[in-house]
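Presented below is the structure to which this report refers.
No lab work stands behind these numbers, since they all come straight from the coordinates. All values derive from a computational prediction rather than experimental measurement. Every residue, glycine among them, receives a Cβ derived from its backbone with ideal geometry; neighbour counts consider all protein chains shown.
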Amino acid sequence: MSTVLEEPRPVARPPRAANNAPVKPVGEVYVWVTAMGLAIGLFMILFLLGLIAYNGIGVFWPRNVAVVEFREDGPTRFMGGTRTMGVITLEQARDVRDLTPEQMESPHPANRREKQLFLGNRDAFGQAFAFFNAGDIVDVSYPKNVIRAERMEWGDALFFPVRIEDSAGNVVSVDDADFDTELKRLVREVVSRRTQISRIERHQIGRINLQMRDLELEERFYQRLDERSAADEAALAAVRERMADLQAEYQPLADRAGELRAKQREHTLVYEVITGQQRSMPVGDLVSYYYPNQLSVLGKTRHFFAHIWDFLSGHPREANTEGGIFPAIFGTFVMTLIMSIAVMPFGVMAAIYLREYAKQGPLVRSVRIAINNLAGVPSIVFGIFGLGFFVYFVGGTIDQLFYPKGLPTPTFGTGGILWASLTLALMTVPVVIVATEEALAAVSRGIREGSLACGASKWQTIQHLVLPASAPGILTGLVLAMARGAGEVAPLMLVGVVALAPNLPIDGMFPFIHLERKFMHLGFHIYDLGFQSPDSEAAKPMVFATTLVLILVVIVLNLTAIMVRNHLRKKYAAGTF
Amino acid sequence: MMTMENETPTHAASLKDVQQRRPEVARQNAVAKDAFNPNHIEVKDYSFFYGPNQVLFDLNMAFPERHVTALIGPSGCGKSTLLRNINRMNDLIDGISHKGDVLIEGQSIYDPFLEVISLRKRIGMVFQKSNPFPKSIYENIVYSLRVAGRNRKSELDETVETSLKAAALWDEVKDRLQESAFSLSGGQMQRLCIARAIANRPEILLMDEPCSALDPIATGKIEDLIHDLKKDYTIIIVTHNMQQAARVSDKTAFLYMGQLIEYDDTEKIFMKPSEPQTEAYVSGRFG
Ligand SMILES: Nc1ncnc2c1ncn2[C@@H]1O[C@H](COP(=O)(O)OP(=O)(O)O)[C@@H](O)[C@H]1O
Ligand SMILES: [Mg+2]
């Protein structure tokens, strides 16, 4: 902006009209108005992106853990003591209403400020974050032997380690030279054991459970029959036999999992929190640990990337506030993909008919207007339509025709990734139609006539020449549709998105693609974290990080489509005369 | 609309001039042809309308087989319309209608039992603005075969070679057949379009001002090409260039405001036309 403002004004005298009235350069002011509009818009977008990127990435940087000492004679105390420990996350001016008269009058401005600390140890302190009056802080130190541990429950813990005990009574004290190697080894063991347990429980037992559920439904179906023929009785017996088989298969797996779980509790880590209290936890509860105050920049960088990887590839824990967001990323990708697969053929076919075959007239014009208006319908309306049409009507019919044994438990007659994708496809189809129509119209008449003169039919012309030449434009439409679809949340809440889905929509279990399953979605995940979790302060970093990922997912999807488009455009570059 | 330059006819055409410049052409013109069908394409009482506007008025003429016929006349007189009706390219336009008939070898092009596609397979067309497809040189040539369902590699290869040779383009592009057609120069592109038009061995070749966008050297090459092609094809060419009409055609038709004013041997049209309007037009006194 400033460089533009400094531009010298033209010095030439304004020309005079015939009647000698001075001609004012009336348009000039609009240059500034439009430029301002652009500048404000750009600024807001960059600010928003910058804010999200800064906060979202900052979450993963391992920060030092401070021990904070309060004035002996001041009012600030933590759990009755004068010390606390945590990551200093924020410093800000205090709300005036919270200030005492002395603080208000105090010559030290620090008395009117406060620091926010991430304390961890939610199990011990009841809260993960706390504010302290900055003026009462007399010392901040960073002891080297603090451990920050990620746990399966209760969020992170910040503590000083004391000793490791095993069930046989062996003790490794923190003063022993091999304490750290021992802890490292144990954590590695529990992590690999945890993977084993999850493989058994999630996959093998999960599969048995699914088969059991199907068999139970079948059993119930036969039981409910008023009259059972001999064939029905035989079928029922077969079902029961298979259930017994499965039960037999299930038992050793459950035993094995129980065994592993017991192993997880064999070792106990005893530690001391800042209040001096000694606590303990099974090593099996640890996910990872590190000494934040000992890390060099390189070490922190390593942890930083490890954290990011865990976040992107892990499953959520503790009502989504901890762990990773992989299922949500995956769900968003799969949903957008299915949506694109559904929206492309329909949109393109509709556009081809409208532009190439339909006789242009008032009817086609009104269809076109209707399509454009469809693009402006609020997304929640599409959600409601999706629920009524896809879920209840189409899904309900499918259930009645193909899954009658499951009723009244719905299979397709409830929200699922297919219905969500189709709902979004319906919502974005106008975008694709409009873009495709424009692209088709841009294909030159010369090429069409050339093709017809070669003896090609109209469809051959479209297929061999018009469609390839308009592919870049069609992809532009898809980009726009994906950008709109991937970020949409409201309609999804009605047609299949959930805060926590037990299974991914695509996995190794036959038939591999489970279109009826409920799924997780980044947009809904953000909503759930930010507005539905009990501790919104604790969830805030996750909200930023998840938002950043959602934006990145949309950007990646768009960039891919744009790259494909540019490739095609280069191929057909000179095609537009 | 086309630019004025393209529309302005280049006059000063005396056949003697032309003959002096291109004696071999004149000699070939003089050589008697083998037996040929003088009524390869017949236009009978043909009128044509764009909506309510009549553009062609009761035309009666016949185009001889394996000869070049030039259509000349001031712009807007209906030359392109007549040409584009022979392969029914005007079918694309809404609200057209016609009276009379056009026959190819005695068969009406409006015969309801005749498919437009099979009609167009017998007729190649070259447009004013070269319009290569956004495909490789090779694929451009074989397009008419592929849409006819002929995909045998050996046949396609052979067609590419013979068509490009016939269009005098083979030597220039034989090493880069897989390159995009847009890598060619303007004149090469137009010859490519000619090669494409004859790839499926049509009987008739329609050319609508094929040289109007080309430089003189490229124009010369295409004129030579037309000369070579006429031993195999019945050619109808629309041109604004009197010298070109005189150089390449055996017969010339002069159209004016949708009426056929005069139609005769090219020599006669340019040397001693019987209609004063023709005389005025070919000598450049109006146009
Ligand atoms: N698609 C069309 N729709 C309506 N009128 C047309 C169309 N094409 C050409 N015409 C009219 O038909 C007349 C003859 O045009 P055209 O055959 O292109 O002339 P020429 O090729 O001799 O210059 C002109 O008056 C022109 O305006
Ligand atoms: Mg014309």
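Label reach from residue A:358 (point 7 Å along Cα→C-beta): in the stretch A:408-437, amide nitrogens under 18 Å belong to A:426-437. Computed from label points 7 Å out along Cα-Cβ, the spacing between residue A:555 and residue B:150 is 5.5 nm. Selection among A:508, A:552, A:529 by position relative to the dipole of the stretch A:494-577 gives A:552 as farthest towards the positive end (Cβ unit charges, Cα centre). Site pair residue A:123 and residue A:228 shows an inter-label distance of 4.9 nm when each label is modelled 7 Å from Cα along Cα→Cβ.
Which of the residue pairs B:165/B:221; A:458/B:44; B:79/B:165; B:251/B:272 have a Cα-Cα distance greater than 23 Å in the structure shown? Flagged as over cut-off: A:458/B:44; B:79/B:165. What the Cβ-Cβ distance of residue A:141 and residue A:262 gives, at R0 = 25 Å and to the nearest 0.05, is a FRET efficiency of 0.05. Sorting the segments A:349-360, B:155-166 by their mean number of nearby beta carbons within 10 angstrom, highest to lowest, gives B:155-166, A:349-360.
The dipole here belongs to the stretch A:326-576: it is taken about the Cα centre, uses +1 on the Cβ of Lys and Arg and -1 on the Cβ of Asp and Glu, and is about 940 debye. Peptide A:438-451 has a mean shielding of 3, counted as Cβ atoms of other protein chains within 10 Å of each residue's Cβ. Between A:462, A:416, A:44, the Cα set farthest toward the positive side of the dipole of chain A (charges on each charged residue's Cβ, about the Cα centre) is that of A:462.
Work out, step by step, the length gained on full extension between residue A:42 and residue A:167: first 0.36 nm times the residue separation, then minus their alpha carbon distance; give nm to one decimal.
Details: separation 125, 0.36 × 125 = 45.00 nm, distance 6.21 nm.
Stretched out fully, the residue A:42 to residue A:167 stretch lengthens by 38.8 nm.
3J(HN,Hα) couplings calculated from phi for the stretch B:47-64 with the Karplus curve 6.51 cos²θ - 1.76 cosθ + 1.60 (θ = phi - 60°) are, in sequence order, 10, 9, 10, 9, x, x, 7, 7, 10, 10, 10, 6, 7, 9, 6, 9, 9, x Hz; Gly and Pro show x. By the rule of a C-alpha distance below 15 Å, with chain neighbours fewer than 8 residues away ignored, the aspartates and glutamates paired with residue B:153 are B:139, B:161.
Quick one: order A:365, A:193 by neighbouring beta-carbon count within 10 Å, fewest to most. Write out the running numbers ahead of the final one.
Details: A:365 10, A:193 15.
Ranked by crowding around the Cβ, least crowded first: A:365, A:193.
Evaluate the relative contact order of the stretch A:117-167 (contact order divided by residue number), counting alpha-carbon pairs under 8 angstrom at least 6 apart; express in whole percent.
On the way: 54 pairs, mean separation 17.7, N = 51.
It rounds to 35 percent for the stretch A:117-167.
Backbone amide hydrogens, once placed in the peptide plane, bring residue B:55 within less than 5 Å of B:48, B:49, B:50, excluding anything fewer than 5 places away on its chain. Three principal axis extents describe the C-alpha atoms of chain B; from largest down they are 55, 48, 41 Å.
Give me a single rounded figure for A:456-462: the average over its residues of other chain Cβ atoms within 10 Å of their Cβ.
On the way: counts 8, 5, 2, 0, 5, 1, 0.
Whole-number average of other-chain Cβ neighbours for A:456-462 is 3.
Label zone (residue B:50, point 7 Å along Cα-to-C-beta; backbone nitrogen cut-off 16 Å) within the stretch A:423-465: A:445-446. Taking amide hydrogens as placed 1.01 Å from N in the peptide plane, the amide H of residue A:317 sits under 5 Å from those of A:322, A:323, A:324, each at least 5 positions away in sequence or on another chain. For the pair residue B:271 and residue A:34, label points projected 7 Å from Cα toward Cβ lie 6.6 nm apart. The stretch A:489-533 and the stretch A:121-160 have Cα centres spaced 34 Å apart.
Backbone phi angles across the stretch B:148-159, fed through the Karplus curve with coefficients 6.51, -1.76 and 1.60 (θ = phi - 60°), yield HN-Hα couplings of 8, x, 9, 10, 5, 4, 5, 5, 4, 4, 5, 4 Hz in residue order; Gly and Pro are listed as x. The residue list B:205, B:190, B:178 was ranked by how far each Cα lies along the charge dipole of the stretch B:169-212 toward its positive end, using unit charges on Cβ atoms, and B:178 comes out on top.
If R0 is taken as 25 Å, the Cβ-Cβ distance between residue A:346 and residue A:397 corresponds to a FRET efficiency of 0.80.
Other protein chain C-beta atoms within 10 Å of residue C-beta, averaged over B:177-183: 2. Residue by residue, the stretch A:278-288 carries 3J(HN,Hα) couplings of 9, 10, 9, 8, x, 4, x, 7, 6, 9, 6 Hz when phi is fed to the Karplus relation 6.51 cos²θ - 1.76 cosθ + 1.60 (θ = phi - 60°); x denotes Gly or Pro. If one computes the Cα centroid of the stretch A:398-429 and of the stretch B:56-135, what distance in Å separates the two points? Rounded to whole Å, the Cα centres lie 56 Å apart.
For the residues B:139, B:172, B:223, a GNM of chain B with alpha-carbon springs under 10 Å puts the largest fluctuation on B:172.
Rounded to the nearest 20 Debye, what is the dipole magnitude of the protein assembly as shown about its Cα centre when Lys and Arg each give +1 and Asp and Glu each give -1 at the C-beta?
About 1680 debye.
Distant-in-sequence amide contacts of residue B:39, defined by a placed amide H-H separation under 5 Å and a gap of 5 or more residues or a different chain, comprise B:65.
Measuring r between the beta carbons of residue B:257 and residue B:93 and using R0 = 22 Å, the FRET efficiency lands at 0.65.
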